[in-house]
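For reference, the structure is listed below as structure tokens.
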Amino acid sequence: DTGVSQNPRHKITKRGQNVTFRCDPISEHNRLYWYRQTLGQGPEFLTYFQNEAQLEKSRLLSDRFSAERPKGSFSTLEIQRTEQGDSAMYLCASRIRGDTGNTIYFGEGSWLTVV
Amino acid sequence: AQSVSQHNHHVILSEAASLELGCNYSYGGTVNLFWYVQYPGQHLQLLLKYFSGDPLVKGIKGFEAEFIKSKFSFNLRKPSVQWSDTAEYFCAVNEGSGNTGKLIFGQGTTLQVKP
């Protein structure tokens, strides 16, 4: 499978615990995006990288959230001291930088349930 | 701030019926517009996109959408739906006039097609 890969696909954690999600983008895609989607809503932008540089973070990304892309390939999204409101699906997407016509490809998402 | 509004939250149709899903966006500048589909248990997939040129855009699986700038609309259409079109549909617009790839999504429309 050469699509965007995310793991774990599902995570149940107790409130207060830390969780980390990993995203492997399509190879040669130098832009990587994280979105969050809650039930009944469309995805909301969290942050994005161009290669290893984090270029923008949404106000939705509180101090408890941190994303990295250390070598410009895979990325991790860590949530510290999880809260019930963090329960959502976390989507990763990637794209080749360049022409505006390039498509953004999404992964299958990582479901987080905080109990 | 930019926003995307999808008028129909839940649509139920019989097979062979025609489909039109509404999408309006708020942004006065140059826009890139997208429709994504999410089949049950699968990742978001691009149905079609508009960047420039012919405002009538054709996508995969017989879908099309028309960009009407004066109405800030990008409605999705299909002349005859199939049971396999049952899915959630998201309209999205790029944020701003740049080429960051950041998308703003509508809240989605759930389409249920009855056989």
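Each reported figure results from applying straightforward, stated rules to the coordinates on display, with no laboratory input. Bear in mind the structure is a predicted one, so any value in this text is a computation, not a measurement. As a convention, Cβ positions derive from the backbone with ideal geometry for all residues, glycine included, and neighbour counts pool all protein chains shown.
In the set A:Ser27, A:Ser73, only one residue is among the small types (Gly, Ala, Ser), touching a Pro at 6+ places or on another chain (Cβ under 9 Å), within 22 Å of A:Thr103 (Cα to Cα) and part of a loop (DSSP other than H, G, I, E, B); that residue is A:Ser73.
Scanning the stretch A:13-47 for residues that are more than 10 Å from chain B (Cβ to nearest Cβ) and of a type in the set (D, E, K, R) yields A:Lys14, A:Arg15, A:Arg22, A:Asp24, A:Glu28, A:Arg36. Please verify whether the stretch A:1-12 includes one or more residues that are without any contact (Cβ under 8 Å) to a residue 40 or more places away in the chain, closer than 20 Å to B:Gln38 by Cβ and within 12 Å of another protein chain (Cβ to nearest Cβ). Yes, the conditions are met somewhere in the stretch A:1-12.
Yes/no matrix, rows are residues, columns are (1) more than 14 Å from every other protein chain (Cβ to nearest Cβ); (2) more than 16 Å from the chain's Cα centre (by Cα):
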{"position": "B:Phe51", "(1), (2)": "no, no"}
{"position": "B:Pro55", "(1), (2)": "yes, no"}
{"position": "B:Phe63", "(1), (2)": "yes, no"}
{"position": "B:Ser70", "(1), (2)": "yes, yes"}
{"position": "B:Asn75", "(1), (2)": "yes, no"}
{"position": "B:Gln107", "(1), (2)": "no, no"}
{"position": "B:Lys114", "(1), (2)": "yes, yes"}
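Being within 30 Å of A:Phe49 (Cβ to Cβ), aromatic (Phe, Trp, Tyr) and either in contact with a Ser or Thr (Cβ under 8 Å, 6 or more places away or on another chain) or within 11 Å of chain A (Cβ to nearest Cβ) (or both) is a property that does not hold for B:Tyr27. Scanning the stretch A:59-71 finds one or more residues that are more than 9 Å from every other protein chain (Cβ to nearest Cβ), touching a strand residue (DSSP E or B) at 6+ places or on another chain (Cβ under 8 Å) and among the small types (Gly, Ala, Ser).
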